[in-house]
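Please treat every number below as a calculation from the coordinates, not as lab data. Values in this document were obtained by computation on a predicted structure and should not be read as measured data. No Cβ is skipped: glycine too gets one built from the backbone with ideal geometry, and neighbour counts run over all protein chains shown.
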Amino acid sequence: MSGIRIQPNGPYVLTGPLTIEDGEGNVITVAEGRIVKLCRCGHSATKPYCDGTHRRVDFVSRPTFEPEPVAAREARDGSDPSDA
Ligand code: FES
């Protein structure tokens with residue numbers, strides 16, 4: 001099953017099938033069942049990929065996922081809350 005898992009104190013773990021596009025339009029395809037780990041700590045030498053440095057720098061993340069507050073989403077997207 002494709003999706004994104006937030007690894008506690010570690011990277012975003014993406015499971016294919018999916019595609020990732022960078023800011024220059026370069027696309028990589030992740031095949032079904034394959035995984036890609038994207039750095040969340042900001043210390044990887046191979047960004048956007050995780051290289052395990054989060055362990056060395058003792059990266060500590062929030063323990064749980066919290067939905068984005070509606071007000072923040074509206075401010076970013078300009079969406080109307082009555083559309084939800
Ligand atoms: S999350 Fe692993 S190096 Fe940043």
Problem set entry | Within segment 29-44, tally of residues that are more than 13 Å from the chain's Cα centre (by Cα) and near the ligand (Cβ under 8 Å from one of its atoms) | 2
Problem set entry | Filter result for the condition that a residue is surrounded by 10 or more Cβ atoms within 10 Å (Cβ to Cβ) and touching a strand residue (DSSP E or B) at 6+ places or on another chain (Cβ under 8 Å), over Val70, Val36, Val60 | Val36
Exercise. Gly10 passes all but one of (1) exposed (fewer than 14 other Cβ atoms within 10 Å of the Cβ); (2) within 16 Å of the ligand (Cβ to nearest atom); which number fails?
Worked result: (1)
